[in-house]
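Undergrad: My structure is below; once you've seen it, I'll send some questions.
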Amino acid sequence: MSVQTQTRETARVPVSRRVVRRVGARREARREGAFGYLMISLAVIFVAVFTFIPIIASLGLSLFSWDVITPPKFVGMANFERLGADGSVLQSFGVTLVLAIGIVLLQLCLGLGLAVLVNQRKKTWSKTFFRTTFYLPLLASTAAVSIFMGYLFDAKFGVFNYYLTSIGLPAIPWLTNPVGAMVTMILVTVWQQVGFTFVLFVAALTSVPKDVLEAAAIDGAGPARTLFRVKIPLISPTILFAAVVAMINAMQLFDQPFIMTKGGPGTATTTATILMYQAGFQNLQFGYASAIAIVLLLIILVITGIQFLAARKLVFYQ
Amino acid sequence: MTNAFRTVVDRRTLLKLGAAGFASAGLASLAGCSSAGAGGGSGPRTIKMLYFGQQSAATTLQKSLQPQIKKLDKTATLEVSAINGTDWNDFLAKVLTQIASGSAPDLVSVATEGLQLMASKELLIPLDSYVTKDMSSLQSYFDDIHPALIESMMYQGHLYELPDSFNAGSMFYSTDIVQKAGLSSPAAGWTMDDFHTYATKMGGLGGNVNAFDWVVRLWGSWTSFLYANDGNLLEEGKYSGGDWLWKKAYAKNPTAAAGRGGGWKWGTPTANSPAAVEALEYLIDLQRSKLSPSPDVGGGGTLQGLFSSGRIGMTIGGGFWAGGLHNAGMKNGSFDVQLFPTWKSNKSLFGAGGYGIFNSSKNKDLAWEVVKMMVRPESFDIMFPGNVTTPGRKSLMTAERYKTTGPEHWSVFYDQLNGSVPISAPPYYNALATSLNQRTTQAISSGNAKAALDGMQADFEKAAKAS
């Protein structure tokens, strides 16, 4: 129906009928809107109850001194002032940042490397095999993995040191030396998390247009140049996404250091979340723990913001 | 496509649904409140108890104790909830979280670690009036239990728990490794020099045998060496008071009650005292000399596994290790125990376990009857089957008890109590334990005991000030 015909027909319809039609259309729209709200309500309620309300509650709690047992006492910004002067907090944020950078860099490089290698495989079954194999650790419980890895990395009785010493190499104090413990945390976390990054990169590499790759080949680009000059720029949005997700996860690292080293030796692997746990659940300073949580949230937001700002120059959108 | 949406919920219905949802939630919460409050009424009463262990064990315990609870009150039922944890620190954190959620139980089994914390926050009630009222029926209990255990459950002159179990830090050893090293079993009264000789000879066996191993924690850690070195993490003292108990309960045995007060008073931190530095340095030296591996933090599962598989010559343990090693497959005779070696003193440490009543309980009188029931001799093996702790009542320490599990010198467990001091667990125990773990691992990794203990001292001072 053309616009002209429609206008003519509308003109012939009496005003009263047109009003009735408009009201009906509005009702229809409302019904549709209500259904839409109903559909998203579950997700909204879930996010509100388990994300927004706890964040707001945590923000409120950070202004109080509360030991769980006695009633909370309003202390204003005292928890934040104390946090700024607390050396252990600064240290734990430093530890968290170092671990997060190490984890994200290794996870991205390893994930991309594995994805490139698997993507080159011609046979579908081998691609499926590697995809499944690299993704499997992600499905395992982090607690179980950490306990298991704790045994493997044990300085005296662990399997890794057993093989190292059996070939004449010195045993490494994986978990009992500050540097060793941090390296072990990075390795264990990356081992379990790399599957996620890998799967993202495999999907992204598969979607790189073949004509672009063919054009690069015709222009004489070898595999390395194609990878760095064509593929990586084309999958840069995925790299950004993977980096942001990995960074957010790594900044909240808890299970691995808590189970394997209890944050030690000393405070070498005491991440911000472990410190938060200690302050809240062990030292009964829930207000202070909430203040740490709020600062951690802000730091994660700032880092994510920086990543997006950097992405403006580095990420290529088709 | 639009028509498909016509039959679905309109805005008014949606609002109705929302209102109904809120109403249901409100009713549910009210129902929750009313059921919590019902405990104080005349209807059926439920005594809720928190138990440190697996839920399967808690359920078994609940079933076993149920008939006895019914004898106390036909309408009463016992509900035992398990709380898992690697150590008492972990247990306490979870108990406190549960209390924060508003579901405080009636009874709790708390070890020395948490006693002063809970008493100082008035979570537990003093049992003084109950004990005084029932002194005659409790006399057999007081006649049978070591006064040191009773004193360890007192705070500021009041008794907060009736203890039924304890573990004192003695020295366990593998009889097989002792023999292989050409040694005879250590004798009572052995010294730190003897211990070092044993460690050196065991270390000389080579292979994957380590002479000694330990766990980083407050109980039975390098702290045992600290106590033997006549030191402590905090200044030792005692609260005044407690005469109401000692004069009556131990009237027949005034010697046992002599010098007892109103509970242990933990004073100024002394974590970086010369005795502490020397004790921790000794342990670091053992590791440097490859006589001891790097210890685990908390728990003790790994240590138990290593000991039971013949890789450890000696370690610190209490009566709980008899059942633990037996359950891990060690046969009676393959391990034994001796008093902790003396250093500058014969002081050793212990931790006790018992039962306290929550201040928030609506059934305090019934809870008290349950507490009395649980410290009866016949309740001990229901509570702790298989020698997983040491009985507090001396009459239960028999050769028959240790016939299956061992060790041969089981009497050491109780003898160790003489001259021993409870682990230093002040009201700020949680912060103390966190710092102890961190600073100890710092000392081990850096090899600098003094610097780590200076840090520990500062942590303790800060925690003491904040408490």
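No lab work stands behind these numbers, since they all come straight from the coordinates. Everything numeric in this text was worked out from a predicted model, so none of it was measured. So basically every Cβ, Gly included, is an ideal-geometry build from the backbone, and we count neighbours across all protein chains shown.
Undergrad: Name the residue from A:Ala143, B:Val412, B:Ser435 whose Cα lies farthest towards the positive end of the charge dipole of the protein assembly as shown, charges +1 on Cβ of Lys and Arg and -1 on Cβ of Asp and Glu.
TA: It is A:Ala143, whose Cα lies furthest towards the positive end.
Undergrad: Also: Order of A:Thr197, A:Thr269 from fewest to most other C-beta atoms within 10 Å?
TA: Placing the least packed residue first, the sequence is A:Thr269, A:Thr197.
Undergrad: While we're here: Pop a pseudo-label 7 angstrom from the Cα along the beta-carbon direction at both A:Ile299 and B:Ser446 and give the gap in nm to one decimal.
TA: Inter-label distance under the simple model: 2.1 nm.
Undergrad: Quick one: A:Thr270, A:Thr238, B:Thr200, fewest Cβ neighbours within 10 Å first, how do they rank?
TA: So the residues, fewest neighbours to most, are B:Thr200, A:Thr238, A:Thr270.
Undergrad: In chain B, what % of DSSP beta bridges are antiparallel (nearest 5)?
TA: Antiparallel bridges: around 60 percent, rounded to the nearest 5.
Undergrad: How far is the Cα center of region A:184-239 from the Cα center of region A:128-157, in Å?
TA: Between the Cα centre of region A:184-239 and that of region A:128-157, the gap is 25 Å.
Undergrad: Beta carbons within 10 angstrom, averaged per residue: use that to sort the peptides B:111-124, B:237-250, highest first.
TA: Working: B:111-124: 23.1, B:237-250: 17.2.
Order by mean packing, descending: B:111-124, B:237-250.
Undergrad: In addition: Return the average number of partner chain Cβ atoms within 10 angstrom of each residue Cβ along peptide A:25-33.
TA: Taking the mean over all residues of the peptide, I get 3.
Undergrad: In degrees, nearest 10, range 0 to 90: what is the angle between the Cα axis of helix B:135-144 and the longest Cα principal axis of chain B?
TA: 30 degrees
Undergrad: Where the only charges are on Cβ atoms (+1 Lys, Arg; -1 Asp, Glu), what is the dipole of the protein assembly as shown about its Cα centre, to the nearest 20 debye? Provide the component values of the computation, followed by the final result.
TA: Working: 65 positive and 49 negative charges, 860 e Å.
My answer is approximately 4140 debye.
Undergrad: Continuing with this model, one more query. Give me B:Tyr355, A:Tyr162 sorted ascending by neighbouring Cβ count inside 10 Å, so fewest comes first.
TA: By the 10 Å Cβ count, ascending: A:Tyr162, B:Tyr355.
Undergrad: Across all directions of projection, what mean area in square nanometres is found for the Cα convex hull of the protein assembly as shown?
TA: Result: a mean projected hull area of 47.0 nm².
Undergrad: Between A:Ile294, B:Gly267, B:Gly333, whose Cα lies farthest towards the positive end of the dipole of the protein assembly as shown when Lys and Arg beta carbons carry +1 and Asp and Glu beta carbons carry -1, centred on the Cα centre?
TA: With unit charges placed on the Cβ atoms, the residue in question is A:Ile294.
Undergrad: Which distance in nm do the two modelled labels at B:Thr255 and A:Arg21 give, with both placed 7 Å along the Cα-to-Cβ direction?
TA: If labels sit at B:Thr255 and A:Arg21, their model points lie 11.1 nm apart.
Undergrad: Separate question: On a 0 to 90° scale, report how tilted helix B:88-100 is relative to the longest principal axis of chain B, with both axes built from alpha carbons and the result rounded to the nearest 10.
TA: Once rounded, one gets 20 degrees.
Undergrad: Sticking with this structure for a sec: Can you give me the Cα centroid spacing of region B:260-275 and region B:344-368 in angstrom?
TA: 20 Å
Undergrad: Let me ask something else about it. Per the helix-only calculation at 222 nm, which mean residue ellipticity applies to chain B, given -39500 (n - 2.57) for every DSSP H run of n ≥ 4 and division by its residues, nearest 500 deg cm²/dmol?
TA: -14000 deg cm²/dmol
Undergrad: Taking beta carbons within 10 Å but only from partner chains, what does the mean come to for residues B:98-111? Before the final figure, lay out the partial values.
TA: Numbers: counts 1, 2, 7, 1, 0, 0, 1, 0, 0, 0, 0, 0, 0, 0.
That works out to 1 on average.
Undergrad: On a 18 Å Cα-Cα criterion, which of the cross-link pairs B:Lys252/B:Lys347; B:Lys48/B:Lys372; B:Lys70/B:Lys394; B:Lys201/B:Lys450; B:Lys133/B:Lys238; B:Lys265/B:Lys465 come out too long?
TA: B:Lys252/B:Lys347; B:Lys70/B:Lys394; B:Lys201/B:Lys450; B:Lys133/B:Lys238
Undergrad: Helix B:364-374 versus the longest principal axis of chain B: what is the Cα-based angle in degrees, 0 to 90, to the nearest 10?
TA: Around 40 degrees separate the two axes.
Undergrad: Under the definition of partner shielding as Cβ atoms of other protein chains within 10 Å of a residue Cβ, what is the mean value for peptide B:435-443?
TA: The shielding value for this peptide is 5.
Undergrad: Using a Förster distance of 45 Å, how high is the FRET efficiency between B:Asp176 and A:Leu314, based on the Cβ-Cβ distance and rounded to 0.05?
TA: It comes to 0.10.
Undergrad: Hey, another quick one. Taking the Cα centre of region A:80-314 as origin, sum charge times position over the Cβ atoms of Lys and Arg (+1) and Asp and Glu (-1), and report the length of that vector in debye to the nearest 20. Before the final figure, lay out each step's value.
TA: Details: 14 positive and 7 negative charges, 147 e Å.
I would put it at about 700 debye.
Undergrad: Just order A:204-210, B:272-278 by mean Cβ neighbour count inside 10 Å, highest at the front, would you?
TA: B:272-278, A:204-210
Undergrad: With an 8 Å cut-off on Cα pairs and a minimum separation of 6 or more residues, tell me the relative contact order of chain A in percent.
TA: Here the relative contact order equals 26 percent.
Undergrad: Per residue of region B:152-157, in order, report the coupling 6.51 cos²θ - 1.76 cosθ + 1.60 (Karplus, θ = phi - 60°) as ³J(HN,Hα) in whole Hz, putting x for Gly and Pro.
TA: Those phi angles translate into 5, 9, 9, 8, 6, x Hz.
Undergrad: What does the convex hull of the Cα atoms come to per residue for region A:80-314, in Å³?
TA: Here the figure is 150 Å³ per residue.
Undergrad: Take peptides B:223-230, B:387-394, A:143-150 and line them up by average Cβ neighbours within 10 Å, highest first, as a rough protection proxy.
TA: Going from most to least packed, we get B:223-230, B:387-394, A:143-150.
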